[in-house]
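Engineer: Once you've had a glance at the structure underneath, I'll fire off some questions.
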Amino acid sequence: MYLLFLLATQLLYSQNLFYGELVNSQTGKSIPYGHLFIKKNNGFTADEEGRFNTTQEKLKLNVKITALGYENKNTVLYSGKKNTVFLTPKVENLDEVILDFKDPAKELIRKIVDAIPINYPVKEEQLNGILSENAY
């Protein structure tokens with residue numbers, strides 16, 4: 001009787017293992033470092049090979065999965081079996097970006113060179129003088 005009570009208590013408070021893998025639906029390759037959210041601030045992360053595992057008291061988990069470059073997905077994970085989750089790649093069209101960097105040092109030198117004719121005008125000059133020679 002005591003053994004049956006211990007077994008029932010163990011089953012009631014046991015942790016269920018959820019494990020699986022995140023996979024690209026088009027290529028079949030694993031997706032590293034995806035985030036699996038159970039609640040807003042509670043979740044876990046897949047490893048570098050897209051594998052994940054966690055233990056929870058529930059028999060199934062409703063999770064939101066996010067991964068960089070993939071559509072977000074809401075799905076259910078089941079304990080005790082491998083959960084393979086396929087994510088669809090997300091294509092984002094970005095506007096054109098133009099990088100226009102001007103080096104401040106080069107701009108200063110360019111301004112200095114452009115100002116040379118103003119600061120140092122070139123004019124023909126005529127020198128007048130007297131030449132005196134003395135012989136002893």
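Readers should treat all values here as calculations from the given coordinates under stated rules, not as data from a laboratory. Everything quoted here is computed from the prediction, not taken from an experiment. Glycine gets a Cβ as well: all are built from the backbone with ideal geometry, and neighbour counts include every protein chain shown.
Engineer: Just round it to a whole percent: the fraction of Cα-Cα distances in the chain exceeding 25 Å.
Structural biologist: Beyond 25 Å sits 60 percent of the P(r) for the chain.
Engineer: Further question on the same structure: Along the Cα→Cβ direction, 7 angstrom out, place labels at K106 and F44. What is the inter-label distance in nm?
Structural biologist: A separation of 5.3 nm, rounded to one decimal place.
Engineer: Considering only DSSP states other than H, G, I, E and B, which GluC sites (Glu not before Pro) in segment 65-136 qualify as loop sites with at most 12 other Cβ atoms within 10 Å?
Structural biologist: Answer in residue order: E92, E96, E124, E125, E133.
Engineer: Once both axes come from the Cα atoms, what is the angle between helix 104-119 and the longest principal axis of the chain, in degrees from 0 to 90, rounded to 10?
Structural biologist: Taking Cα atoms only, the helix is inclined about 20 degrees.
Engineer: Hey, what number do you get for the chain at 222 nm if only DSSP H runs of n ≥ 4 count, each worth -39500 (n - 2.57), divided across all residues, to the nearest 500?
Structural biologist: -6500 deg cm²/dmol
Engineer: A further question on this structure: If I take every Cα pair under 8 Å that is 6 or more residues apart in the chain, average their sequence separation and divide by the length, what percent do I get for the relative contact order?
Structural biologist: Computed over the chain, the figure is 22 percent.
Engineer: Right, next: Compute the angle between helix 2-12 and the longest alpha-carbon principal axis of the chain, please, reported from 0 to 90 degrees and rounded to the nearest 10.
Structural biologist: Compared with the principal axis, the helix lies near 40 degrees.
Engineer: So, one more: Can you find, among V85, P117, N72, the residue farthest towards the positive end of the dipole of the chain? Put +1 on the C-beta of Lys and Arg, -1 on that of Asp and Glu.
Structural biologist: The listed residue farthest towards the positive side: V85.
Engineer: Given R₀ = 30 Å, what would the calculated FRET efficiency be for N16 paired with N74, taking r from the Cβ atoms and rounding to 0.05?
Structural biologist: Here the calculated transfer efficiency is 0.90.
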